[in-house]
Amino acid sequence: MLPELEYPVRSLRGIGEAREALLQEVGISTVADLLLFLPYRYVDRTCQTGIAGLRVDQEATAVGRVASMGVISGRRKRFVMAVEDGSGYLDCVWFTGYTYFWQAFSKGDLVAVGGRVARFGQKLQMVHPEVEVLSRGEDEARLHTGRIVPLYTTSARMKAERLSSRGLRRLIYGALEAVSGDIVDPLPPSVRTRCGLLPLASAIRTIHFPDSHEEAEAACRRLAFDELLFLQLRLGGLQRAREGQPGRPLRACGPLAETLVTHLPFQLTGAQRRALGEIRRDLSRPVAMHRLLQGDVGSGKTLVALLAMLAAVEGGAQAALMAPTEILAEQHAGVLRELLAPLDLPVYLLTGRLRQVERREVLKALACGDARIVVGTHALLREDVVFEDLGMAVVDEQHRFGVLQRAALREKGEGVHLLVMTATPIPRSLALTLYGDLDVTVLDELPPGRGPLVTGWRLAADRHRAFSFLREEVVKGRQAYIVYPLIEESGERDMKAVTRAFVDLQQGPLRGLRLGLLHGRLPADEKAAVMSGFRAGQIDALVSTTLIEVGMDVPDATVMLVEHAERFGLSQLHQLRGRVGRGAHASYCVLIADPAGGLTPEAHARLDTMARTRDGFEIAEMDLQIRGPGQIFGTRQAGFPEFRFAHLGRDGDLVVLARRAAKGLLDADPKLMHFEHRGLARRAEAVDLGGMRIAEAG
Ligand code: ADP
Ligand code: MG
């Protein structure tokens, strides 16, 4: 963001080796880092009244003279400094650092104190307030009181070594004074004015020391805009580069797709037909397709993908479908084989768990062209996988893959047409951001004949009712999922937790039912065996971690019971719920909240949202909204690309604005070669797409 300030903080006055090491603790090593180290919050201490006018619980600033100081050793030893302004007295109280305070202030000093007003007995007090000694000239620049004051995150060691929020404030102020003149605004003034944005240098200054909350917001918008613009320029550049490359027109002519459709036990939905039309049109053009197929869980994306793959096969090419997990790849292969049975077209499967001989067979068939259709995991991306003539790549549940991985599959052929699919409905702002380089097709219609789906959430105390309900469903011949949250990445503790739950259920509320257990630590063969047992109806209830979250399709499963539902993100709950409601029977999603320290308002809102609506797009919007509050600046948000400044829940309009600006810039100067655009080109180039993906919500 500030390449001209990428030099060590140590070169600033007042920062030596010791401070440099401390600043490293919060990731600050260059001057640019320091200036872009944003406050996590502000306190408004502009409210300045006489001491008599202070109200309890108010954030305020008072100015007066130090009337007395002393250490009081009561139940808790403390340092108390009384400040007086003619209208009354205010006690400033500290529970640590006595010797420091003795030296810091003297009786008679004129001080400004800022903090939250409290009452202690008859007296007004502030605990650990900020103090500035005005009589010593510190009011040249009032940084800590009498204004909107920024608060910064500090590490424990920083606090111990007296580099507090206050210290950072001073350093940042000093740095701004010294170098803000060097800041180069990469945005051409015309774009800046058109979009109504602050100049970069004033935005950076303002974000630390705003005169009003509106100003802080405007500053924040500027930084967020830049971040989004650089990303859009990068994605737009990729898109243009791709469009410059010739694709290969695939003219579907054979009867394969026709035959398949006539053998289906149902009609294609209107949305499926529309999607297929768009895809076929793309395939016939001499430009490689780059299309996102977005459709809510259960909308029938697999069939669309298969028909598209058949079109490619009929056009003389090979087609590959890549899924994020082995379970899903195997399921897809099974479904495709069944659907393709009438066509006599074999489906090859390539996953990491094939034996050497099998693997070699598949590789050979792909290389010589015997295999026309292959399904696999990212095992497809390995270097030794060579296609005779790959013409079409489909990536399912693509939010599990990074941008670069989906590109990698395309590189297995020339001018490969790409179709990526996602069941994670994405609000428009996010779609534009993540898929700025894709055309989008939406499957906005569920196949008919689905039973109703009822969602409710319960506190853990009512758990037994949920389990007896689950039993009743099983007695009716239905199946159930019981899901436990992921506890850690490596899976060791997950395995223990879910295994213990499995045993408890087997001996307790679900005794006598046929239970299956599924977690990430099971050997692949066992996973596959459990899954096929469940699919075949030999297992009544599947006790699992979130492994089953994506793509599973078992129409007789009518109950989804989620334990510790308060720990899941909205989009993940929506995915889980999507595993039921796939058949003609009524289905039920039961969310059990079992919070350790009470249900947070956010968790409450999530559960209510789930109970209220089934609409994936509405849920996705809510997800962005709920994640938003509480973080002025979007810090790391699991589940979304990691923006430092932009907040997609709040900045939807900015995304559109940035996208439009990027398009304008690239239309005028496709390679950003003009000297006025050099700064933008450099920053766009630096955008890290490798880390860009939508991970599971947490
Ligand atoms: P998703 O979009 O979540 O990947 P799937 O492709 O797994 O959904 O489809 C869900 C189920 O709907 C499958 O069992 C599939 O056979 C069925 N299905 C797909 N299209 C139709 C249709 N047009 N009419 C009825 N059922 C359909
Ligand atoms: Mg699917």
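Odds and ends about this structure:
- Rounded percent of accessible protein surface that carbon and sulfur make up, the chain, 1.4 Å probe: 51 percent
- DSSP beta bridges in the chain [antiparallel fraction, %, rounded to 5]: 40 percent
- Heavy atoms of the protein chains alone define the surface here; on that basis the stretch 1-108 has 51 Å² accessible area per residue at 1.4 Å probe size.
- Packing, as the average of other Cβ atoms within 10 Å across residues, places the peptides 605-614, 115-124, 163-172, 334-343 in the order 163-172, 605-614, 334-343, 115-124, highest first.
- Shape category assigned to the stretch 108-219 from the gyration tensor of Cα positions, a/c cut at 1.5: prolate
- Residue-level accessible surface for H564, protein heavy atoms, 1.4 Å, Å²: 40 Å²
- Distance between the C-alpha centres of the stretch 1-50 and the stretch 183-253: 24 Å, rounded to the whole angstrom.
- Positive-end extreme of charge dipole, the stretch 451-567 - chosen from G512, V498, S544 (charges on Cβ): G512
- Size of charge dipole - the chain - debye, nearest 20, with Cβ of Lys, Arg +1 and Asp, Glu -1, no other charges: 1000 debye
- Since only I172, C195, L54 are under comparison, the one whose Cα sits farthest along the positive direction of the charge dipole of the chain, derived from C-beta charges on Lys, Arg, Asp and Glu, is L54.
- With DNA, RNA and ligands ignored, accessible area of S11 (1.4 Å probe; Å², nearest 10): 80 Å²
- Solvent-accessible area per residue, Å², over the stretch 136-250 with all protein chains present [probe radius 1.4 Å]: 42 Å²
- The overall shape of the stretch 282-411, judged from the alpha-carbon gyration tensor, is rounded, with an a/c ratio under 1.5.
- Computed over the chain, the per-residue total of -39500 (n - 2.57) for DSSP H runs of n ≥ 4 gives a 222 nm mean residue ellipticity of -11500 deg cm²/dmol, rounded to 500.
- A straight Cα-to-Cα reach below 20 Å connects K476 with the aspartates and glutamates D540, D553, D556, residues fewer than 8 places away in its own chain not being considered.
- Note on K412: lysines with a C-alpha under 26 Å away, same-chain residues under 8 apart excluded, are K301, K364.
- Residues whose amide H comes within less than 5 Å of that of V395, counting only those at least five positions distant or on another chain, are M322, L419, V420, M421 (H built at 1.01 Å from N in the peptide plane).
- Simple rule: put +1 on each Lys or Arg Cβ and -1 on each Asp or Glu Cβ in the stretch 233-326, find the dipole, and look at G277, Q294, P246; the Cα lying farthest toward the positive end is P246.
- For the stretch 239-310, the relative contact order is 44 percent, taking Cα pairs closer than 8 Å that sit 6 or more residues apart in sequence and dividing their mean separation by the residue count.
- Here the contact order of the chain, divided by its residue count and restricted to Cα pairs under 8 Å and six or more residues apart, works out to 12 percent.
- In the assembled protein chains, W457 presents an accessible area of approximately 50 Å² (probe radius 1.4 Å).
The values are calculated or read from the model by the stated rules, or taken from the named source; none is laboratory data. Worth saying up front: this structure is predicted, and the values here are computed from it rather than measured. Virtual Cβ from ideal backbone geometry, glycine too; neighbours counted across all protein chains shown. All accessible areas refer to the heavy atoms of the entire protein, side chains included, with ligands and DNA or RNA removed. Shrake-Rupley method; radii C 1.70, N 1.55, O 1.52, S 1.80 Å.
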